[in-house]
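Here it is, the structure, as C-alpha coordinates.
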Amino acid sequence: MEFMQGQRLETTVAVAVAVVAVAAGAAYLVRSRKPRGCLDPENFREFKLVEKRQLSHNVAKFKFALPTPTSVLGLPIGQHISCRGQDAAGEEVIKPYTPTTLDSDLGRFELVIKMYPQGRMSHHFREMKVGDYMSVKGPKYRPGQVRAFGMIAGGSGITPMFQVTRAILENPEDNTKVYLIYANVTYDDILLKEELDSMAKNYPDRFKIYYVLNQPPEIWDGGVGFVSKEMIQAHCPAPATDIQVLRCGPPPMNKAMAAHLDELGYTKEMQFQF
(Lines give C-alpha, C1' and ligand atoms only; values in the text may rest on other atoms or scores of the structure.)
Protein backbone atom coordinates (compact mmCIF):
# COMPACT_ATOMS: atom_id res chain seq x y z
CA MET A 1 0.00 0.00 0.00
CA GLU A 2 2.79 2.41 0.93
CA PHE A 3 4.55 1.43 -2.32
CA MET A 4 1.42 2.32 -4.41
CA GLN A 5 1.04 5.67 -2.63
CA GLY A 6 4.72 6.41 -3.29
CA GLN A 7 4.27 5.64 -6.98
CA ARG A 8 1.21 7.91 -7.21
CA LEU A 9 3.12 10.71 -5.44
CA GLU A 10 6.06 10.38 -7.81
CA THR A 11 3.72 10.41 -10.82
CA THR A 12 1.93 13.51 -9.54
CA VAL A 13 5.23 15.32 -8.99
CA ALA A 14 6.47 14.33 -12.47
CA VAL A 15 3.27 15.59 -14.11
CA ALA A 16 3.49 18.86 -12.16
CA VAL A 17 7.10 19.36 -13.21
CA ALA A 18 6.19 18.65 -16.84
CA VAL A 19 3.31 21.15 -16.74
CA VAL A 20 5.58 23.83 -15.27
CA ALA A 21 8.23 23.12 -17.90
CA VAL A 22 5.71 23.36 -20.75
CA ALA A 23 4.28 26.58 -19.33
CA ALA A 24 7.75 28.06 -18.92
CA GLY A 25 8.67 27.08 -22.46
CA ALA A 26 5.51 28.62 -23.85
CA ALA A 27 6.12 31.81 -21.89
CA TYR A 28 9.68 31.95 -23.20
CA LEU A 29 8.48 31.57 -26.78
CA VAL A 30 5.94 34.32 -26.33
CA ARG A 31 8.56 36.64 -24.81
CA SER A 32 11.21 35.80 -27.38
CA ARG A 33 8.94 36.11 -30.41
CA LYS A 34 9.79 39.46 -31.96
CA PRO A 35 6.70 41.63 -32.43
CA ARG A 36 5.90 42.68 -35.96
CA GLY A 37 6.77 46.31 -36.66
CA CYS A 38 4.18 48.92 -37.59
CA LEU A 39 6.10 50.46 -40.48
CA ASP A 40 5.42 49.87 -44.15
CA PRO A 41 8.39 50.57 -46.45
CA GLU A 42 6.13 51.19 -49.45
CA ASN A 43 3.09 53.02 -48.07
CA PHE A 44 2.59 55.85 -45.61
CA ARG A 45 0.74 55.01 -42.41
CA GLU A 46 -0.91 57.44 -40.00
CA PHE A 47 0.25 57.82 -36.38
CA LYS A 48 -1.48 60.02 -33.81
CA LEU A 49 0.40 62.76 -31.96
CA VAL A 50 -0.33 62.24 -28.25
CA GLU A 51 2.17 64.66 -26.70
CA LYS A 52 4.12 67.71 -27.83
CA ARG A 53 6.64 69.17 -25.40
CA GLN A 54 8.76 72.25 -26.06
CA LEU A 55 12.41 71.66 -25.09
CA SER A 56 13.74 75.05 -26.15
CA HIS A 57 12.64 78.01 -28.25
CA ASN A 58 13.02 76.01 -31.48
CA VAL A 59 13.22 72.36 -30.38
CA ALA A 60 10.29 70.16 -29.37
CA LYS A 61 9.68 66.50 -28.57
CA PHE A 62 6.81 64.81 -30.40
CA LYS A 63 5.35 61.57 -29.03
CA PHE A 64 3.27 59.44 -31.41
CA ALA A 65 1.10 56.49 -30.41
CA LEU A 66 1.40 53.10 -32.08
CA PRO A 67 -1.74 50.98 -32.73
CA THR A 68 -1.57 49.12 -29.39
CA PRO A 69 0.29 49.58 -26.07
CA THR A 70 2.53 46.61 -26.97
CA SER A 71 3.19 47.57 -30.61
CA VAL A 72 6.74 48.32 -31.80
CA LEU A 73 7.78 50.66 -34.58
CA GLY A 74 10.09 48.07 -36.16
CA LEU A 75 12.86 50.38 -37.30
CA PRO A 76 16.39 48.90 -37.43
CA ILE A 77 18.97 50.84 -35.41
CA GLY A 78 20.65 53.52 -37.49
CA GLN A 79 17.88 53.85 -40.06
CA HIS A 80 15.34 56.60 -40.64
CA ILE A 81 11.62 56.98 -41.09
CA SER A 82 10.18 59.29 -43.74
CA CYS A 83 7.63 61.84 -42.51
CA ARG A 84 5.23 63.54 -44.90
CA GLY A 85 3.68 66.95 -44.35
CA GLN A 86 2.92 70.29 -45.98
CA ASP A 87 5.01 73.44 -46.10
CA ALA A 88 3.73 76.99 -45.66
CA ALA A 89 2.66 77.08 -49.33
CA GLY A 90 0.64 73.90 -48.95
CA GLU A 91 3.04 71.80 -51.03
CA GLU A 92 3.87 68.24 -50.02
CA VAL A 93 7.23 67.69 -48.37
CA ILE A 94 8.87 64.45 -47.23
CA LYS A 95 11.86 64.38 -44.91
CA PRO A 96 13.76 61.62 -43.05
CA TYR A 97 14.07 61.60 -39.27
CA THR A 98 15.59 59.25 -36.70
CA PRO A 99 13.40 58.45 -33.66
CA THR A 100 14.96 58.82 -30.21
CA THR A 101 13.09 55.70 -29.06
CA LEU A 102 13.90 52.04 -29.65
CA ASP A 103 11.72 48.97 -30.14
CA SER A 104 12.07 48.35 -26.41
CA ASP A 105 9.85 51.42 -25.99
CA LEU A 106 6.47 49.81 -26.57
CA GLY A 107 3.38 51.53 -27.85
CA ARG A 108 5.03 54.75 -29.00
CA PHE A 109 7.83 56.46 -30.85
CA GLU A 110 9.29 59.91 -30.29
CA LEU A 111 10.98 62.50 -32.47
CA VAL A 112 13.05 65.44 -31.26
CA ILE A 113 12.72 68.11 -33.94
CA LYS A 114 14.63 71.35 -34.40
CA MET A 115 12.33 73.75 -36.23
CA TYR A 116 13.95 76.28 -38.53
CA PRO A 117 12.18 79.53 -39.50
CA GLN A 118 12.30 78.73 -43.23
CA GLY A 119 12.25 74.94 -42.93
CA ARG A 120 9.53 73.36 -45.05
CA MET A 121 8.94 70.37 -42.78
CA SER A 122 9.62 72.56 -39.75
CA HIS A 123 6.44 74.46 -40.64
CA HIS A 124 4.42 71.24 -40.53
CA PHE A 125 5.77 70.21 -37.13
CA ARG A 126 5.30 73.72 -35.77
CA GLU A 127 1.62 73.64 -36.76
CA MET A 128 0.94 70.15 -35.38
CA LYS A 129 -1.38 69.84 -32.38
CA VAL A 130 -2.08 66.90 -30.07
CA GLY A 131 -4.61 64.70 -31.81
CA ASP A 132 -3.22 65.36 -35.30
CA TYR A 133 -1.81 62.52 -37.40
CA MET A 134 1.58 62.20 -39.05
CA SER A 135 2.09 60.18 -42.25
CA VAL A 136 5.13 57.93 -41.81
CA LYS A 137 6.85 55.41 -44.08
CA GLY A 138 10.00 53.38 -43.63
CA PRO A 139 12.58 52.14 -43.28
CA LYS A 140 13.99 53.84 -46.33
CA TYR A 141 15.94 50.91 -47.70
CA ARG A 142 15.83 47.15 -47.55
CA PRO A 143 18.48 45.03 -49.31
CA GLY A 144 17.23 43.94 -52.70
CA GLN A 145 14.36 46.41 -52.60
CA VAL A 146 15.04 47.43 -56.22
CA ARG A 147 17.35 46.37 -59.03
CA ALA A 148 18.91 49.82 -59.26
CA PHE A 149 18.75 53.28 -57.72
CA GLY A 150 19.14 56.50 -59.61
CA MET A 151 20.11 59.35 -57.30
CA ILE A 152 20.01 63.09 -57.94
CA ALA A 153 21.58 65.16 -55.18
CA GLY A 154 22.41 68.82 -54.77
CA GLY A 155 24.74 70.30 -52.17
CA SER A 156 24.17 68.88 -48.69
CA GLY A 157 21.46 66.66 -50.17
CA ILE A 158 24.24 64.14 -50.70
CA THR A 159 23.99 63.07 -47.05
CA PRO A 160 21.07 60.60 -47.25
CA MET A 161 22.31 59.36 -50.64
CA PHE A 162 25.70 58.63 -49.17
CA GLN A 163 24.17 56.67 -46.30
CA VAL A 164 21.99 54.54 -48.58
CA THR A 165 24.87 53.94 -51.00
CA ARG A 166 27.19 52.82 -48.21
CA ALA A 167 24.55 50.45 -46.84
CA ILE A 168 24.22 48.88 -50.28
CA LEU A 169 27.89 48.60 -51.21
CA GLU A 170 29.06 47.35 -47.82
CA ASN A 171 26.53 44.51 -47.86
CA PRO A 172 28.08 41.63 -49.87
CA GLU A 173 24.63 40.06 -50.32
CA ASP A 174 23.14 43.20 -51.89
CA ASN A 175 23.51 43.38 -55.68
CA THR A 176 21.66 46.68 -56.12
CA LYS A 177 23.36 49.10 -58.51
CA VAL A 178 23.59 52.82 -57.76
CA TYR A 179 23.81 55.65 -60.30
CA LEU A 180 24.41 59.06 -58.68
CA ILE A 181 24.23 62.54 -60.22
CA TYR A 182 25.69 65.04 -57.76
CA ALA A 183 25.31 68.77 -58.50
CA ASN A 184 27.08 71.73 -56.90
CA VAL A 185 27.99 75.32 -57.71
CA THR A 186 31.80 75.03 -57.54
CA TYR A 187 34.36 72.26 -57.19
CA ASP A 188 35.05 73.27 -53.59
CA ASP A 189 31.37 72.79 -52.75
CA ILE A 190 31.51 69.03 -53.45
CA LEU A 191 31.02 67.23 -50.14
CA LEU A 192 32.41 63.76 -49.36
CA LYS A 193 34.22 63.70 -52.72
CA GLU A 194 37.10 61.58 -51.48
CA GLU A 195 34.70 59.00 -50.02
CA LEU A 196 32.48 59.00 -53.11
CA ASP A 197 35.46 58.57 -55.47
CA SER A 198 36.77 55.77 -53.28
CA MET A 199 33.46 53.91 -53.48
CA ALA A 200 33.34 54.38 -57.24
CA LYS A 201 36.87 52.93 -57.50
CA ASN A 202 36.24 50.02 -55.14
CA TYR A 203 32.84 49.07 -56.60
CA PRO A 204 33.11 49.98 -60.32
CA ASP A 205 30.36 47.56 -61.38
CA ARG A 206 27.88 48.67 -58.72
CA PHE A 207 28.38 52.41 -58.25
CA LYS A 208 28.66 55.18 -60.85
CA ILE A 209 28.88 58.89 -60.07
CA TYR A 210 28.50 61.89 -62.37
CA TYR A 211 29.42 65.31 -61.01
CA VAL A 212 27.74 68.48 -62.28
CA LEU A 213 29.05 71.99 -61.55
CA ASN A 214 27.43 75.31 -62.28
CA GLN A 215 30.82 77.05 -62.21
CA PRO A 216 33.38 74.40 -63.17
CA PRO A 217 37.16 74.91 -63.16
CA GLU A 218 39.01 75.29 -66.46
CA ILE A 219 39.89 71.60 -66.57
CA TRP A 220 36.69 69.63 -65.93
CA ASP A 221 35.27 66.45 -67.43
CA GLY A 222 31.93 66.40 -65.62
CA GLY A 223 28.61 68.06 -66.36
CA VAL A 224 28.22 71.82 -66.62
CA GLY A 225 25.24 73.96 -65.61
CA PHE A 226 22.08 72.53 -64.07
CA VAL A 227 21.04 68.87 -64.11
CA SER A 228 19.12 68.36 -67.35
CA LYS A 229 16.76 65.71 -68.69
CA GLU A 230 19.57 64.57 -70.99
CA MET A 231 21.89 64.04 -68.03
CA ILE A 232 19.24 61.97 -66.25
CA GLN A 233 18.71 59.85 -69.36
CA ALA A 234 22.45 59.27 -69.70
CA HIS A 235 23.33 58.62 -66.07
CA CYS A 236 20.26 57.13 -64.36
CA PRO A 237 18.50 53.80 -64.95
CA ALA A 238 15.62 54.00 -67.44
CA PRO A 239 12.06 53.92 -66.07
CA ALA A 240 11.08 50.42 -64.93
CA THR A 241 9.03 48.82 -62.18
CA ASP A 242 12.17 47.55 -60.40
CA ILE A 243 14.07 50.85 -60.17
CA GLN A 244 13.68 53.98 -58.09
CA VAL A 245 15.08 57.49 -58.43
CA LEU A 246 15.87 59.31 -55.18
CA ARG A 247 16.27 63.08 -55.09
CA CYS A 248 17.46 65.46 -52.42
CA GLY A 249 18.51 69.06 -52.82
CA PRO A 250 17.34 72.66 -52.46
CA PRO A 251 13.57 73.12 -53.03
CA PRO A 252 13.93 74.70 -56.54
CA MET A 253 16.15 71.82 -57.63
CA ASN A 254 13.79 69.19 -56.22
CA LYS A 255 10.89 70.78 -58.08
CA ALA A 256 12.83 70.94 -61.36
CA MET A 257 14.03 67.33 -61.02
CA ALA A 258 10.50 66.10 -60.31
CA ALA A 259 9.34 67.80 -63.51
CA HIS A 260 12.21 66.25 -65.51
CA LEU A 261 11.46 62.78 -64.16
CA ASP A 262 7.75 63.11 -64.90
CA GLU A 263 8.50 64.13 -68.48
CA LEU A 264 10.91 61.21 -68.90
CA GLY A 265 8.23 58.70 -67.87
CA TYR A 266 9.17 57.99 -64.28
CA THR A 267 5.95 57.34 -62.36
CA LYS A 268 5.37 58.66 -58.84
CA GLU A 269 6.05 55.15 -57.50
CA MET A 270 9.50 55.28 -59.14
CA GLN A 271 10.40 58.55 -57.40
CA PHE A 272 11.25 59.42 -53.82
CA GLN A 273 12.21 62.78 -52.36
CA PHE A 274 14.09 63.08 -49.09
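The values are calculated or read from the model by the stated rules, or taken from the named source; none is laboratory data. This one's a predicted model, so the numbers in the text were calculated from it and none came from an experiment. Positions of Cβ are generated from backbone atoms using ideal geometry, with glycine treated the same way; all protein chains shown enter the neighbour counts. For accessibility, only protein heavy atoms count, side chains too; no ligands or nucleic acids. Shrake-Rupley method; radii C 1.70, N 1.55, O 1.52, S 1.80 Å.
Do we find that Gln163 is under 20 Å from Glu42 (Cβ atoms) and either of a type in the set (Gly, Ala, Ser) or in contact (Cβ under 8 Å) with a residue 12 or more places away in the chain (or both) in this structure? Give the steps one after another, and end with the answer.
Numbers: under 20 Å from Glu42 (Cβ atoms): yes; either of a type in the set (Gly, Ala, Ser) or in contact (Cβ under 8 Å) with a residue 12 or more places away in the chain (or both): no.
No; evaluated as a whole, the condition is false for this residue.
Output the number of residues of segment 256-274 satisfying the condition of being surrounded by 13 or more Cβ atoms within 10 Å (Cβ to Cβ) and under 25 Å from the mean Cα position of the chain (by Cα). Break it down into steps so the answer makes sense when it comes.
Keep residues of segment 256-274 that are surrounded by 13 or more Cβ atoms within 10 Å (Cβ to Cβ), which gives 256-258, 260-261, 264, 266, 270-274.
In the following step, the residues that additionally are under 25 Å from the mean Cα position of the chain (by Cα) were identified as 256-258, 260-261, 266, 270-274.
The total comes to 11.
Note down all Cβ pairs under 8 Å where the first residue falls in segment 106-124 and is of a type in the set (S, T, N, Q), the second is part of a loop (DSSP other than H, G, I, E, B), and they're at least six residues apart or on different chains.
Ser122/Met115; Ser122/Tyr116
A quick yes/no check of all residues on (1) assigned to a helix (DSSP H, G or I); (2) open to solvent by 20 Å² or more (accessible area, probe 1.4 Å); (3) within 24 Å of Leu213 (Cα to Cα):
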| position | (1), (2), (3) |
| --- | --- |
| Ile113 | no, no, no |
| Val130 | no, yes, no |
| Val136 | no, no, no |
| Gly144 | no, yes, no |
| Met151 | no, no, yes |
| Ser156 | yes, yes, yes |
| Thr159 | yes, yes, yes |
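Only one residue in Lys95, Lys114 is more than 22 Å from Asn43 (Cβ to Cβ) and among the charged types (D, E, K, R). Which one? Can you show your working first?
Details: Lys95 fails: more than 22 Å from Asn43 (Cβ to Cβ).
Matching residue, one of Lys95, Lys114: Lys114.
Let me ask something additional. Name the residue that is nearest to Arg147 (Cα to Cα), counting only residues in segment 221-232 that are more than 24 Å from the chain's Cα centre (by Cα) and open to solvent by less than 60 Å² (accessible area, probe 1.4 Å).
Met231
Report yes if some residue within segment 246-253 is outside any loop (DSSP other than H, G, I, E, B) and more than 23 Å from the chain's Cα centre (by Cα); otherwise report no. Break it down into steps so the answer makes sense when it comes.
Quick first cut of segment 246-253, residues outside any loop (DSSP other than H, G, I, E, B) only: 246-248, 251-253.
Okay, now just the ones that are also more than 23 Å from the chain's Cα centre (by Cα), so none.
No, because not a single residue in segment 246-253 is outside any loop (DSSP other than H, G, I, E, B) and more than 23 Å from the chain's Cα centre (by Cα).
Right, here's the next one. List the residue pairs whose Cβ atoms are under 9 Å apart, where the first residue sits in segment 38-60 and is without any contact (Cβ under 8 Å) to a residue 12 or more places away in the chain, the second is surrounded by 12 or more Cβ atoms within 10 Å (Cβ to Cβ), and the two are 6 or more positions apart or on different chains.
Sorted first by the residue in segment 38-60, then by its partner, the pairs are Arg53/Ala60; Arg53/Lys61; Arg53/Phe62; Arg53/Lys63; Gln54/Ala60; Gln54/Lys61; Ser56/Lys114.
Answer yes or no as to whether Pro217 is touching a residue at least 12 places away in the same chain (Cβ under 8 Å), open to solvent by less than 40 Å² (accessible area, probe 1.4 Å), outside any helix (DSSP H, G or I) and not aromatic (Phe, Trp, Tyr). Give the derivation first.
Details: touching a residue at least 12 places away in the same chain (Cβ under 8 Å): yes; open to solvent by less than 40 Å² (accessible area, probe 1.4 Å): no; outside any helix (DSSP H, G or I): yes; not aromatic (Phe, Trp, Tyr): yes.
So Pro217 fails the test.
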